[in-house]
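Asker: Shown below is the structure under consideration.
The values are calculated or read from the model by the stated rules, or taken from the named source; none is laboratory data. For clarity, every value in this text was computed on a predicted model and none was experimentally measured. Every residue, glycine among them, receives a Cβ derived from its backbone with ideal geometry; neighbour counts consider all protein chains shown.
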Amino acid sequence: MTKSYEPTDEDNKLVMALSGDMSGFFKDEGERSAKFREILRDHGIDLTASTIEYTKYTTDGDMRRGGSLYTIAEVKNEIGSKGAEPHA
């Protein structure tokens, strides 16, 4: 049985916030990922940047339950930020 989903006004507000704010320029991936987490938080989605145990690495954002990760965000800076992209 196929189910369909009808986007809500809140869904649309989140998409508009992401498309508007994330299309800006950021000095680095840290700044971009902080803005991404802020937008999600403003819409009731709590993503937290946290250090991965026994490593020096930090996630761009993650969600956990009972100590287990179930969502990990990987944020990249905009095209042209490295000079290696052919269409920048």
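Yes/no matrix, rows are residues, columns are (1) of a type in the set (S, T, Y); (2) in contact with a strand residue (DSSP E or B) (Cβ under 8 Å, 6 or more places away or on another chain):
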residue	(1), (2)
S4	yes, no
E10	no, no
L14	no, no
G24	no, no
G30	no, no
F36	no, yes
R41	no, no
A49	no, yes
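Asker: Which of the residues that make up the range 15-45 are among the aliphatic types (A, V, I, L, M) and part of a helix (DSSP H, G or I)?
Answerer: V15, M16, A17, L18, A34, I39, L40
Asker: Can you report the number of residues in the range 49-62 which are of a type in the set (A, V, I, L, M) and over 19 Å from E29 (Cα atoms)? Before you say what the answer is, go through the steps one by one.
Answerer: Step one: list which residues in the range 49-62 are of a type in the set (A, V, I, L, M), which gives 49, 52.
Next cut, over 19 Å from E29 (Cα atoms) only: none.
Counting residues in the range 49-62 that are of a type in the set (A, V, I, L, M) and over 19 Å from E29 (Cα atoms) gives 0.
Asker: Specify the residue that is farthest from the chain's Cα centre (by Cα); the eligible residues are those in the range 1-14 that are farther than 21 Å from N77 by Cα and part of a helix (DSSP H, G or I). Break it down stepwise before answering.
Answerer: Initial filter on the range 1-14 (farther than 21 Å from N77 by Cα): 1-13.
Cutting the leftovers down to part of a helix (DSSP H, G or I) gives us 9-13.
Numbers: D9: 20, E10: 17, D11: 15, N12: 17, K13: 16 Å.
Here the residue is D9.
Asker: For a quick check of your reading of the model, give me the residue pairs whose first member lies in the range 41-55 and is closer than 12 Å to A73 by Cβ, whose second is hydroxyl-bearing (S, T, Y) and surrounded by fewer than 13 Cβ atoms within 10 Å (Cβ to Cβ), with beta-carbon atoms closer than 8 Å and at least 6 apart or on different chains.
Answerer: Every condition considered, the pairs that remain are L47/T71.
Asker: Which residue pairs have Cβ atoms closer than 8 Å, lie 6 or more positions apart in sequence or on different chains, and pair a first residue in the range 10-35 that is farther than 22 Å from D62 by Cβ and at pLDDT below 95 with a second residue that is outside any helix (DSSP H, G or I) and of a type outside the set (K, R)?
Answerer: Within 8 Å, the pairs are F25/E78.
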